[in-house]
Every structure is written in C-alpha cells, then in structure tokens.
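The values are calculated or read from the model by the stated rules, or taken from the named source; none is laboratory data. Keep in mind that what you see is a predicted model, and the values were worked out from it rather than measured. All accessible areas refer to the heavy atoms of the entire protein, side chains included, with ligands and DNA or RNA removed. Shrake-Rupley method; radii C 1.70, N 1.55, O 1.52, S 1.80 Å.
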Amino acid sequence: ALAKQMLQLTGSFGLRMRSWDRMVLHRHHVKVITPFGQMRIKVGSMDGRPVVTKCEYADAEAGAEQHGVPVRQVLAAANAAAQRWLAEQEGLDA
C-alpha cells in the first residue's frame with residue numbers, strides 16, 4: 001500500500017524493494033554470582049550450544065547502585081562470571 005502511494009504521489013517510475021530475513025539465537029537466562037550480587041545473564045544458543053552471553057543491564061545497574069561502584073565495574077564482573085559459566089558448559093559437553 002505504501003509503495004503504491006509513493007508511485008502515485010511522486011514522479012518516480014519505480015521503487016526498489018527488498019525483503020530481509022532475520023536469524024535469531026534461542027535465548028534463555030542463567031544466574032551467576034558476582035561480588036556485586038546475583039546477576040541474570042542472557043544466553044544466546046545455536047544448535048543447543050551457548051554462543052553469546054550478556055548481563056542484563058538492569059541487574060548491573062542495581063548492583064552498582066547498591067555497592068556504590070560504576071556500572072562498568074559490575075558489568076565486567078558479570079561478564080567474567082558468564083565466561084566461567086560458558087567454560088563450565090563446554091566442559092559438560094566433553
């Protein structure tokens with residue numbers, strides 16, 4: 001409908017259109033312990049194997065406020081804990 005309107009209302013004789021697909025990882029959460037408290041880590045998996053981890057920012061923000069430290073410090077601790085969790089998962093697969 002938008003393409004038809006654009007052709008009717010502009011001087012254009014054509015429009016280029018593309019279709020995009022999106023591939024997404026399966027997502028779930030795990031909890032890890034850090035010096036700033038428990039953090040939720042979002043895990044992205046492909047073919048049943050975790051490939052990406054990321055700390056939930058709201059958890060890091062709350063930990064930073066509670067302990068009076070910068071958010072980046074809490075994120076670094078959470079990322080380190082997530083990497084340890086990933087290493088444990090790789091050990092379980094072996």
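Descriptive notes on the structure:
- Remark: the chain carries 79 Å² of accessible area per residue (probe radius 1.4 Å; ligands, DNA and RNA excluded).
- Computed from Cα atoms, the angle from the helix 57-67 axis to the main principal axis of the chain rounds to 40 degrees.
- Compared with the alpha-carbon gap, the fully stretched path from MET23 to GLN38 is longer by 2.4 nm at 0.36 nm per residue.
- Relative contact order computed over the chain (Cα-Cα under 8 Å; 6+ residues apart), in percent: 20 percent
- Relative frequency of Cα-Cα separations exceeding 15 Å in the chain, percent: 68 percent
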